[in-house]
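Notes follow the structure.
The values are calculated or read from the model by the stated rules, or taken from the named source; none is laboratory data. This structure is a prediction, so every number in the text was calculated from the model and none was measured. Backbone-built Cβ (ideal geometry, glycine too); neighbour counts: all protein chains shown.
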Amino acid sequence: MMEPPRLRPEDPHRAYADRLLMRREELAWQDRLHRKVWVARRIVGLAVILVAWLAMGPNVVDFWSVLVPIVVYASLVIYHGKVQRARRHYGRAVGFYEKGLARLNDQWMGQGEPGERFRDGAHPYAEDLDLFGAGSLFELLCTARTRMGESTLASWLLAPAPTSAILARQAAIEELRTRLDLREDLALIGAEIRSGVHPKELEAWGEGSPARFPKPARLIAPVLVLCVAAAFSFWYVRGFQLWLLIPLLLEGIFTLRLRDRVQRVLTEVEKPTHDLDLLSKVLGRLERERFSAPRLVELHTALQTEGIPAWRQIVRLDRMIQWLDSHHNPLFAVIAPFLLWSEQFAFAIERWRRSNGPNIKRWIAAVGEIETLSALAGYAFEHPADPFPELVEGAACFEAEGLGHPLIPEALCARNDLSLGGSTRALVVSGSNMSGKSTLLRAIGTNGALAFAGATVRARQLRLSPLTVGASIRIQDSLQAHSSRFYAEITRLRLLMDLASGPRTLLFLIDELLNGTNSHDRQIGAEAMLRGLLDRGAMGLITTHDLALARIADALAPRVENVHFEDHLEEGKMSFDYRMRAGVVTKSNAIALMRSVGLDV
C-alpha cells in the first residue's frame, strides 16, 4: 500500500486577496509615478527647445548648454520606459490574482485556456468527461504560460501514468503547492508566451541535420571582410585603383558558393526560433529555484548541459538570431553584404545547433513538466481539502468517500460514496431524468483522470488501483460520418471491449446503455455487453432509466448490484438530492416533467 503525501490546509482566499491588494497598491504607485515622469518629460522637452532657441537665435546662452537638458530628457525617457514596464508587470500580477480568486469563487469559466486543439472525439473518455473546451477541466487546471506546459498537461490528462510516476508527481506537487512566488513569476513572464515558442518545430530544428560548410570557410570569411575593409580604407586615403576590386570579387565568389547552404540555414531557423527570449526567461526563472523532491531535482538537472544553464544557451542563440535579423534594417542592409553578415551568423548558428540542438527536446520536456506540476500544485493550493488519492497494487478497486465533481461549485456539489472491487464489479444505476446519474459517471471518470495525472481529487478519500478509464456518455450521431447515434454507441462499446482486454483493468462508465434500440434487443444486448466486460476483468457502472435493465443485476449477481437516484415532487416542482441509494428506483418523473413545462399530458 502506497501512502500519498499529506497536504497542509491553508486559506487560498486570504493568500490571493492579500497579494491582490499589495499588487494593486504597487500598480497605483507606478501609475502615479508614470504621470509624474510624463509631466517631467514634457517640461524638460520644452526646456530643450527653449535653450536651443536661446543658443541659436538671440545667442543668449552657449550652444553647449543645450546638452544639459538633452541629457536630462534622455535619462527621463529611459526611466519612463522602466516605469512603463513595471506598470505592465504589476497589471499582469493583478490579473493573475484576480483569475485565482475567480477560480475560487467559481467564476473561472471562459477566462482561461480551453485547450481546444487537444480535443479528440475518438479518445476513450476525453469528450465524455469534458476534459477540453469552454468550462472544461483543462481550463480549470491550466495556468501554464508555454505551449510545452499546455501539451504536457493535456497528455497527462489523456493517459494514465505508472504508479511510480504518479507518486513522484504527488511529491513534486506537494513541494510546489506553497510556492506562490514561483507561480506568479512564471505567469508574469512575457505578455503572452503561449503565442511564441512552438515546441515541436523547435525540437525538429534542433534534431535536424546541420548544414555542412567547408571547414576553411569559417576562417576565410573574417579574412575577406578585413581585406575589403582595408581596400575601402586605402581607396578613401589614396583614391580608387582597379586592384581594390579584387577583395570584392573574392567576396562575391565566396557568397555565391555558399548561397544555397546559407539560405537553407536562414529559412530553417526563421520560424521555430521566434520569441526565444521568452523561453530563456522561463528557463532562467526555473533554474534559480531550488528543489528537494526527487522528480523536481531530476528536471532541474535536465536544464543544464555540462554545467551551463540551458537559459544561457538559449540566450546565446536568441542574440545570434537578433543580430542576424539586423541585416533587414534598410540602413545596415547596405553594408551587411560586405561584412558577410548572413554567412558568418549562419556558421555560428549551425555550430550552436551541433552543440546544443539535441538538448532542446530535453529542455522543452523539462519546462513542460515543471509547468504542469506547478499548475497542478496551484489547483491543490486552491483546494486544500482535496487529498491525493491512495494508490494500491494488487486486486482492482475504486473506493471513494465523499466523491464529487471538480467542475461543480462546492456549494452545489453533491457527494457520494462508492465502492467497486472484490465481489462487486459493477453497478447498474437507475433513476429518473436529471436525477444525477450522468454526473456520477463524470465525477468518477474526472477524478480518475486527475488521480492518474498525479493531482489531488474531489473527495474526502479515494483509494484506487491502476485502471484504464473508458466512457460512453456523450455519444452523438454524425451526418458527416453517416453514423447514427446507435451505431456511434456500439462503435464506442467495441472500443471499450478492446480496452477491457488490455493489460490494465478497465473502469467503464456507460450512460443509458443501448438507448438507441428497442426494449427487447436492448435488454438482451445490455446483459451480453455487461457480461462480456466483466468476463474480461473490467469493472464500472452503467446507467438507465429503463427499469427492465435493472433486472440485469439479478442475472449477474453477485458481481453486479443495483443502485438508484430519487426525485421528489414538491408543490408542482421536481427536486433532487443527488444521493445514491441501494436498490432499484421505484418511480419515474417523465410525465411530471412534461406537465411542468406546460405539455397537456
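If the Cβ limit is 9 Å and pairs must be 6+ apart or interchain, which residue in the stretch 31-55 that is free of Cβ contacts under 8 Å to residues at least 60 places away in the same chain pairs with which residue that is among the basic types (Lys, Arg)?
Between residues of the stretch 31-55 that are free of Cβ contacts under 8 Å to residues at least 60 places away in the same chain and residues that are among the basic types (Lys, Arg), the close pairs are Asp31/Arg87; Leu33/Arg87; His34/Arg87.
For the stretch 434-450, indicate whether the set of residues that are at pLDDT 95 or above, among the hydroxyl-bearing types (Ser, Thr, Tyr) and within 20 Å of Ala171 (Cβ to Cβ) is non-empty.
Among the residues of the stretch 434-450, not one is at pLDDT 95 or above, among the hydroxyl-bearing types (Ser, Thr, Tyr) and within 20 Å of Ala171 (Cβ to Cβ), which makes the answer no.
Mind listing just one residue for me: the one in the stretch 152-181 that is of a type in the set (S, T, N, Q) and surrounded by 17 or more Cβ atoms within 10 Å (Cβ to Cβ) and, of those, nearest to Val367 (Cα to Cα)?
Checking each candidate, the answer is Thr152.
Of (1) under 30 Å from Gly95 (Cα atoms); (2) surrounded by fewer than 23 Cβ atoms within 10 Å (Cβ to Cβ); (3) in contact (Cβ under 8 Å) with a residue 60 or more places away in the chain, Lys200 satisfies all except one. Which?
Single failed check for Lys200: (3).
Quick one: Val428 ticks every box in (1) closer than 19 Å to His123 by Cα; (2) touching a residue at least 12 places away in the same chain (Cβ under 8 Å) except a single one, so which number is it?
(1)
Among the helices (runs of 4 or more DSSP H) contained in the stretch 220-325, which hold 1 or more residues that are acidic (Asp, Glu), assigned by TED's automatic domain parsing to the domain that holds Arg351 and more than 18 Å from Lys361 (Cβ to Cβ)?
Output list reads 245-270, 276-288, 310-325.
Return the pairs, sorted by first residue and then second, in which the second residue is at pLDDT below 80 and acidic (Asp, Glu), the first residue lies in the stretch 511-535 and is exposed (fewer than 15 other Cβ atoms within 10 Å of the Cβ), the beta carbons are less than 7 Å apart, and the residues are 6+ apart or on different chains.
Ser519/Asp546
Identify the residue in the stretch 325-370 that is in contact with a helix residue (DSSP H, G or I) (Cβ under 8 Å, 6 or more places away or on another chain) and among the polar types (S, T, N, Q) and, among all such residues, is nearest to Leu176 (Cα to Cα).
Step by step, filter the stretch 325-370, then rank; the result is Asn359.
A quick yes/no check of all residues on (1) out of contact with any Asp or Glu (no Cβ under 8 Å at 6 or more places or on another chain); (2) closer than 30 Å to Ala293 by Cα; (3) part of a helix (DSSP H, G or I); (4) outside the structural domain of Glu512 (by TED's automatic domain parsing):
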site	(1), (2), (3), (4)
Phe347	yes, no, yes, yes
Trp352	yes, no, yes, yes
Gly357	no, yes, yes, yes
Lys361	no, yes, yes, yes
Leu373	yes, yes, yes, yes
Ala395	yes, yes, no, no
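Can you pull out every residue in the stretch 397-429 that is over 23 Å from Leu137 (Cβ atoms) and either charged (D, E, K, R) or out of contact with any Asp or Glu (no Cβ under 8 Å at 6 or more places or on another chain) (or both)?
Once the filter is applied, which keeps residues that are over 23 Å from Leu137 (Cβ atoms) and either charged (D, E, K, R) or out of contact with any Asp or Glu (no Cβ under 8 Å at 6 or more places or on another chain) (or both), the stretch 397-429 yields Cys397, Gly422, Ser423, Arg425.
Might you check whether a residue that is under 23 Å from the mean Cα position of the chain (by Cα), modelled with pLDDT of 90 or more, in a helix (DSSP H, G or I) and β-branched (Val, Ile, Thr) occurs anywhere in the stretch 74-96?
Within the stretch 74-96, one or more residues are under 23 Å from the mean Cα position of the chain (by Cα), modelled with pLDDT of 90 or more, in a helix (DSSP H, G or I) and β-branched (Val, Ile, Thr).
Hey, His327 hits all of (1) more than 27 Å from the chain's Cα centre (by Cα); (2) crowded, with 16+ Cβ neighbours inside 10 Å; (3) at pLDDT 80 or above but one; which does it fall short on?
Answer for His327: the failing condition is (3).
Just name the residue that is nearest to Thr468 (Cα to Cα) out of those in the stretch 112-163 that are among the hydroxyl-bearing types (Ser, Thr, Tyr) and under 8 Å from the mean Cα position of the chain (by Cα).
Thr152
One residue is enough: does the stretch 402-416 have a residue meeting the conditions part of a strand (DSSP E or B) and surrounded by fewer than 23 Cβ atoms within 10 Å (Cβ to Cβ)?
Yes - at least one qualifying residue is present in the stretch 402-416.
Among the residues of the stretch 204-218, count how many are within 13 Å of Glu268 (Cβ to Cβ) and in contact (Cβ under 8 Å) with a residue 12 or more places away in the chain.
Of the residues in the stretch 204-218, 7 are within 13 Å of Glu268 (Cβ to Cβ) and in contact (Cβ under 8 Å) with a residue 12 or more places away in the chain.
Can we say Gly110 is in a helix (DSSP H, G or I) and surrounded by fewer than 16 Cβ atoms within 10 Å (Cβ to Cβ)?
no
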